[in-house]
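All remarks here apply to the structure that follows.
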Amino acid sequence: MSEMNESAGDELKMERTRVFSVLLYVLGALLLCRGVLDLLVWMKMLALPLWLKMALDQVRPVESLRALLLWANTGVLAVGLGFWTLVAGFWAQKKMAGYMVFAMAVLSLAVLMGIWPLVRWVVFPSSFDPFFWPDYLQAVIALLGIAATMVMLRTSGTQDKAAD
């Protein structure tokens, strides 16, 4: 009887780890997309959101350049974070040592990076641009990061119980 419970527990733990690694892969791909989009905006190959364009039109060119450089900086950070999120997904799939700590660091950064549009829409409702879809991408990144964190915490609890 206990062997059956143990095998069911192992199967549940494996399934949660599989779901967790898939969430990390999806999150990593979305972060890479967001980073590439930010870099395309910086290179002026993609249009700025209307609220930012209007704000930049009202400032001196130096501030406008600083804002675009900050935009490029977030793009580079998103590309790097996306890469490391994919690595965390691979480590989770292979159950390499320390993947939970590494994944927690990556997920917390992804959530912090993606939560900004949601906060901005609540605090500054006029900044909502329904046609600027990278903001939606960031919101999805934040929500997926939160979901992956919840799965990771559930998986971590299961592993701790199995170790007892």
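All of the numbers you see were taken from the coordinates with simple rules; none came from a lab. Since this is a predicted model, take the numbers as computed values, not measurements. Here Cβ is always computed from backbone atoms with ideal geometry, including for glycine, and neighbour counts include all displayed protein chains.
Sort the following peptides by mean Cβ neighbour count (other Cβ atoms within 10 Å, averaged over residues), highest first: 117-125, 91-99, 25-33, 134-142.
With the highest mean Cβ count within 10 Å placed first, the list reads 25-33, 134-142, 91-99, 117-125.
Report the calculated FRET efficiency for residue 119 and residue 93 (r = Cβ-Cβ distance, R0 = 41 Å), to the nearest 0.05.
0.80
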